[in-house]
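First up is the structure itself, then whatever we jot down about it.
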Amino acid sequence: GIQVEQSPPDLILQEGANSTLRCNFSDSVNNLQWFHQNPWGQLINLFYIPSGTKQNGRLSATTVATERYSLLYISSSQTTDSGVYFCAVARTDSWGKLQFGAGTQVVVTP
Amino acid sequence: SAVISQKPSRDICQRGTSLTIQCQVDSQVTMMFWYRQQPGQSLTLIATANQGSEATYESGFVIDKFPISRPNLTFSTLTVSNMSPEDSSIYLCSVVGRLETSGKETQYFGPGTRLLVL
């Protein structure tokens, strides 16, 4: 199967700081998604981004498919950004069958 | 967007028993999946729930342990059979639905069912 590696595994930020999370994957994919799992366990879809760049408020993501990596940017972090960020990918022939990375645990302190 | 509900939201069960988890979606969806998240771990796909036919299981998961039903395009159940403490996890239903605004397919996850097996 596809290997998905996320870095860093943990991140502690002061409120207002910016950060970058990285996701490397080992094979060509046509589905790459970023999720945020809040402290209550709810998984929220942030971006569907198999290639290119997208922005949504303080969050943005870039995927360079040819180099098999994706970046998630958090700007002006807030305490509500705390939680685990997962990168998940799927191949062309299995769109919804996601392979998840291990996640990045983010803690934003006041 | 698709709204997904799961029942129960959490349960504590004795080893050797079975638990059936329900997943209800507020609209018809093309694909439904069941994932497991063991404590402190990432998510792992258990199976694809196929409407009107047997589910498709991923490596390491078998029908006898995790029987799945999907009688229609909005509902599915996952049963965790003959439970042991190693089955303590969050079980999540996931669907692929089409956004009305963009027409693009998006993947959604239910709130999860937290299972503790004693």
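Filter the range B:1-17 for residues that are more than 14 Å from every other protein chain (Cβ to nearest Cβ) and of a type in the set (Lys, Arg) and give the result.
B:Lys7, B:Arg15
Looking at (1) part of a loop (DSSP other than H, G, I, E, B); (2) within 12 Å of the chain's Cα centre (by Cα); (3) modelled with pLDDT under 95, which is the only condition A:Phe47 fails?
(1)
What number of residues within the range B:52-61 are within 14 Å of the chain's Cα centre (by Cα) and more than 11 Å from chain A (Cβ to nearest Cβ)?
Number satisfying all stated conditions: 3.
Mind counting the residues in the range B:18-50 that are away from every other protein chain (no Cβ under 12 Å), farther than 23 Å from B:Arg98 by Cβ and buried (at least 21 other Cβ atoms within 10 Å of the Cβ)?
Matching residues across the range B:18-50 total 1.
Do you know which of the residues in the range A:87-110 that are closer than 19 Å to A:Pro8 by Cα and of a type in the set (S, T, N, Q) is farthest from the chain's Cα centre (by Cα)?
Among residues in the range A:87-110 that are closer than 19 Å to A:Pro8 by Cα and of a type in the set (S, T, N, Q), the one farthest from the chain's Cα centre (by Cα) is A:Thr109.
May I ask you to verify whether A:Val84 is of a type in the set (Val, Ile, Thr), closer than 28 Å to B:Ala47 by Cα, under 13 Å from the mean Cα position of the chain (by Cα) and within 11 Å of another protein chain (Cβ to nearest Cβ)?
When the stated conditions are applied, A:Val84 passes them.
How do the strands (runs of 3 or more DSSP E) wholly within the range B:1-67 filter down when requiring 1 or more residues that are at pLDDT 95 or above and more than 19 Å from A:Leu98 (Cα to Cα): which remain?
Per the criteria, B:4-7, B:10-13, B:19-25.
Sort out which residues of the range B:45-68 are over 14 Å from B:Ser94 (Cα atoms) and hydroxyl-bearing (Ser, Thr, Tyr), and write them in order of number.
If the condition is that a residue be over 14 Å from B:Ser94 (Cα atoms) and hydroxyl-bearing (Ser, Thr, Tyr), then B:Ser53, B:Thr56, B:Tyr57, B:Ser59 are the ones that fit.
All but one of (1) on the phi < 0 side of the Ramachandran plot; (2) surrounded by 16 or more Cβ atoms within 10 Å (Cβ to Cβ) hold for B:Ser53; state the number of the condition that does not hold.
Here B:Ser53 clears every test but (2).
Which numbered condition trips up A:Asn38, out of (1) surrounded by 13 or more Cβ atoms within 10 Å (Cβ to Cβ); (2) at pLDDT 95 or above; (3) within 12 Å of another protein chain (Cβ to nearest Cβ)?
(2)
Rundown of residues vs (1) hydrophobic (A, V, I, L, M, F, W, C); (2) in contact with a Leu (Cβ under 7 Å, 6 or more places away or on another chain), yes/no style:
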{"site": "B:Phe66", "(1), (2)": "yes, yes"}
{"site": "B:Ser69", "(1), (2)": "no, no"}
{"site": "B:Ser76", "(1), (2)": "no, no"}
{"site": "B:Ser84", "(1), (2)": "no, no"}
{"site": "B:Asp87", "(1), (2)": "no, yes"}
{"site": "B:Ile90", "(1), (2)": "yes, no"}
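This table checks each residue for (1) of a type outside the set (Lys, Arg); (2) part of a strand (DSSP E or B); (3) exposed (fewer than 15 other Cβ atoms within 10 Å of the Cβ); (4) at pLDDT 95 or above.
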{"site": "A:Tyr73", "(1), (2), (3), (4)": "yes, yes, no, yes"}
{"site": "A:Tyr85", "(1), (2), (3), (4)": "yes, yes, no, yes"}
{"site": "A:Ala88", "(1), (2), (3), (4)": "yes, yes, no, yes"}
{"site": "A:Thr92", "(1), (2), (3), (4)": "yes, no, yes, no"}
{"site": "A:Gly96", "(1), (2), (3), (4)": "yes, no, no, no"}
{"site": "A:Val106", "(1), (2), (3), (4)": "yes, yes, no, yes"}
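The values are calculated or read from the model by the stated rules, or taken from the named source; none is laboratory data. Keep in mind the model is a prediction, meaning the values are calculated, not measured. Cβ atoms come from the backbone with ideal geometry, glycine included; neighbour counts cover every protein chain shown.
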